[in-house]
1. What are the pairs, 6+ residues apart or on separate chains, where a residue within region A:208-221 that is aromatic (Phe, Trp, Tyr) has its Cβ under 8 Å from a residue that is in a helix (DSSP H, G or I)?
2. Identify all residues within region A:131-147 that are of a type in the set (A, V, I, L, M, F, W, C) and not in a helix (DSSP H, G or I); write none if there are none.
3. Do we have B:THR150 as within 8 Å of another protein chain (Cβ to nearest Cβ) and of a type in the set (Ser, Thr, Tyr) here?
4. I'd like to verify a number: residues in region B:173-219 that are within 19 Å of B:LEU122 (Cβ to Cβ), modelled with pLDDT of 95 or more and more than 7 Å from chain A (Cβ to nearest Cβ), how many?
5. Mind listing whichever residues of region B:99-143 are under 17 Å from B:VAL69 (Cα atoms) and either at the interface with chain A (Cβ under 8 Å from one of its Cβ atoms) or hydrophobic (A, V, I, L, M, F, W, C) (or both)?
6. Taking only pairs six or more apart or across chains, which ones have beta-carbon atoms under 9 Å, a first residue in region B:79-98 that is in contact (Cβ under 8 Å) with a residue 24 or more places away in the chain and loosely packed, with under 12 Cβ neighbours inside 10 Å, and a second residue that is among the hydrophobic types (A, V, I, L, M, F, W, C) and in a helix (DSSP H, G or I)?
7. Scan region A:183-209 for residues that are more than 7 Å from every other protein chain (Cβ to nearest Cβ), more than 19 Å from the chain's Cα centre (by Cα) and of a type outside the set (A, V, I, L, M, F, W, C) and report the count.
8. Can you list the helices (runs of 4 or more DSSP H) found entirely within region A:1-66 that contain at least 1 residues being modelled with pLDDT of 95 or more and in contact with a Lys or Arg (Cβ under 9 Å, 6 or more places away or on another chain)?
Amino acid sequence: MIHASTVALLLGAGTVAGLDLSSGPQVLLNRPLVVGTAAGLLLGDPWSGLLVGSVLELFALEVLPVGAARYPDHGPGTVGAVLAVAIAGPHELWRGVLVGLLAALAGGWSLRWMRRAGATRVARASAALQALEPGILGRLQAAGFRSDLARSAVLTTIGLGLGFAVRFVGPFPPSWNPSLNAVALGAAGGAALNGAIRNAGRGRRLAALGAGLAAGTLWAVLG
Amino acid sequence: MKPEIRTLARLLVVQASWNYERMSGLGLGHAAEPLLQDLDRSDPARHADALHRAAGFFNSHPYLAGVAVGAEVRAEYDGIPGGQIERLRAALCSPLGALGDQLFWAGAWPAAIGAALIAVALGAGWWAPGAAVTAMLATRLYVTRWALRTGLRSGMQVGVALQRTRLRPLVNPLGLAAALAVGAAVPLVIRAGLGAPRAFAAGLTVLVAAAGIAAGQWLGPRTTGIRFGLAALVATLVVRLVLR
């Protein structure tokens, strides 16, 4: 049983995460690892938070907000993903990944919607901007911030809804979990490496990526 | 509150009204407002023009936007013709964007996150992501203040100041650290997620990861990890249901 105050705190954590990505200050509060950790602590299940956050972080590392890249918003949905795994248990990690990915897709659409809405708002205020009415810049900034706040809160709510609802997918035999978790983890690893290969280009960075991968694999196998 | 402090606070949310028309221009104008107050008292006409210029189209990296705000404000107080200030502003977009992207988005961010992932996979608790956030918050505050002061000090000479900055030599080491950390984090996170190692699950993970990389590299940017991951999970469920 999850208390209403915990749900409210989760909603707050997801909303802060969404704001950090778009409005600012862009200090990693949007990253799934950070949001997942916070959600896990709020739910009294830190391990699930760290685990789900780490796996979704691998997906998030694929697209960094470099240049004019279109990127999803992984932060708010991570809260729902952790909730799903906190309810189902860490052996059903794939349910959390499913929730996190669906919410991240919705997050990408919500960013594009918000930016189009921002352009409309600026167009409507063009006369006030031309005349430079007192406080117009502050009002437009505040309106943008409110729009982002609403977007982040709605996205977190969607994530939490999916987190509660995903337990109704199935039930499936427990013997299916290892293969489903393996698929989720493999897709996450592939996504992170795809992004890292693109960012590394050719040369020393690609060599560093290969060296890191080799060292990590050795550690994972022997450790 | 001092105008510089207000400008710094506003620079932390410079992208709040980011839009496809002016990009972060309105945020820049809003951030420049407190520093231009004195100009309003001495030359109201110039102040109005200066605010118009400050709120025009601009796009760069949010951490370094303060360089443009500072340089523009200094140039306005120096009485530089408006056309020259607009050209300076346009000229700053790409270099500040490129430097910020390389330093922070492709360098410090993945390096910090990669290190935190490694620490978590090796058993660290919540403090590892907490340390990454604290480090990035400290970096953000320091860089934002440095950027504004560099702009205010240099004015129209800000290009020279940027070429001499100590930030530029950090691009390569941070990029290498990011590649190394992310590369090492991937297998360690997978190992932690798999729990007790089973040959079948480990083999399936490697197979799916290889397929994901191949899809991403050869099928183009529309085949994102999210889409691939969702498709792979649904396909696995369908296969298991059919074989039940």
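The values are calculated or read from the model by the stated rules, or taken from the named source; none is laboratory data. Since the model is a prediction, treat every value here as computed from it, not as a measurement. Here the Cβ positions follow ideal geometry from the backbone for every residue, glycine too, while neighbour counts run over all protein chains shown.
1. A:TRP219/B:ALA184; A:TRP219/B:PRO187; A:TRP219/B:LEU188
2. First, the residues of region A:131-147 that are of a type in the set (A, V, I, L, M, F, W, C): A:131-132, A:136-137, A:140, A:142-143, A:145.
Scanning region A:131-147 gives a single hit, A:LEU132.
3. So B:THR150 does not fit the description; no.
4. 2
5. B:LEU99, B:ARG140, B:LEU141, B:VAL143
6. B:GLN84/B:ALA75; B:GLN84/B:MET156
7. Summing the residues that are more than 7 Å from every other protein chain (Cβ to nearest Cβ), more than 19 Å from the chain's Cα centre (by Cα) and of a type outside the set (A, V, I, L, M, F, W, C) in region A:183-209 gives 4.
8. Filter on region A:1-66 gives A:4-22, A:46-60.
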